[in-house]
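The values are calculated or read from the model by the stated rules, or taken from the named source; none is laboratory data. Everything numeric in this text was worked out from a predicted model, so none of it was measured. Here the Cβ positions follow ideal geometry from the backbone for every residue, glycine too, while neighbour counts run over all protein chains shown. Calculation scope for accessible area: heavy atoms of the full protein, side chains included, ligands and nucleic acids excluded. Shrake-Rupley method; radii C 1.70, N 1.55, O 1.52, S 1.80 Å.
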Amino acid sequence: MDVKIENSWKNALAGEFDKPYFASLVRFLHQEKASGKVIYPPGGAIFRAFDLTPVDQVKVVILGQDPYHGPGQAMGLSFSVPDGVPAPPSLRNIFKEIEDDLGVRMSGRPNLEKWARQGVLLLNAVLTVRAGEPTSHGAIGWQRFTDAVISYLSAHREGLVFLLWGRYAQEKSALIDSSKHFVLTAAHPSPLARGAFFGCRHFSLTNDILLKEGKTPIDWQL
């Protein structure tokens, strides 16, 4: 199946695109659109995280659950929304932790493409959602695909930092070889976690690891 995705990922995941589950997933999305359902993010942005962060450039993985389901929010990067859209509560909490952790001031700009271009793979476990219906595409096959992404990175790269926030993301740790990679866990930044995310210091810890690995740290400031 010909999928429009960045070439290094296309080669890395070629086996997945040819599997029956992926063809079924594509059929489902076509049926949703044919029946008048609005799907987020727009088709050209579904693989945006991969397009901005090729396989050999990945240094950090931040795992989200599924895209934002409000109009104009989802852009194919976990936790990110386009410029001009108010930052959702979880993202505001991420920014607060960065300010407290690194002693920098964040502009509040909610577009995280700057991180993606530095090697932060902003991966949602589910890559599409029906408008106004969170987790509505949670069982159509995306998780099998993104599990394959995580497994590929675990097997073929070394010294990556995986940031797993909340129980849902932490379940993916089973796919990661912790003898080759660094897995940092914390509560989810959602306000529902009642501030348990604060104080995790994942942003300074990530940069400390990258420096020790001989890699350029991430400029988290936006």
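State which residue is nearest to W9 (Cα to Cα) when the search covers only segment 46-72 and only residues that are in a loop (DSSP other than H, G, I, E, B) and among the polar types (S, T, N, Q).
If we filter segment 46-72 for residues that are in a loop (DSSP other than H, G, I, E, B), which is where we start, we get 46-47, 53-54, 58-59, 65-72.
Filter once more, keeping what is among the polar types (S, T, N, Q): 53, 65.
On the way: T53: 9, Q65: 20 Å.
The residue in question is T53.
Among the residues of segment 24-43, is there at least one that is farther than 12 Å from T128 by Cα and in contact with a helix residue (DSSP H, G or I) (Cβ under 8 Å, 6 or more places away or on another chain)?
Looking through segment 24-43, none of the residues is farther than 12 Å from T128 by Cα and in contact with a helix residue (DSSP H, G or I) (Cβ under 8 Å, 6 or more places away or on another chain).
Rundown of residues vs (1) surrounded by fewer than 17 Cβ atoms within 10 Å (Cβ to Cβ); (2) closer than 20 Å to M75 by Cα; (3) at pLDDT 95 or above; (4) more than 15 Å from the chain's Cα centre (by Cα), yes/no style:
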residue	(1), (2), (3), (4)
R130	yes, yes, yes, yes
S136	no, yes, yes, yes
D177	yes, no, yes, yes
F203	no, no, yes, yes
D208	yes, no, yes, yes
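From S35, S78, S107, grab the single residue that is open to solvent by 10 Å² or more (accessible area, probe 1.4 Å) and under 28 Å from F198 (Cα atoms).
Among S35, S78, S107, only S107 is open to solvent by 10 Å² or more (accessible area, probe 1.4 Å) and under 28 Å from F198 (Cα atoms).
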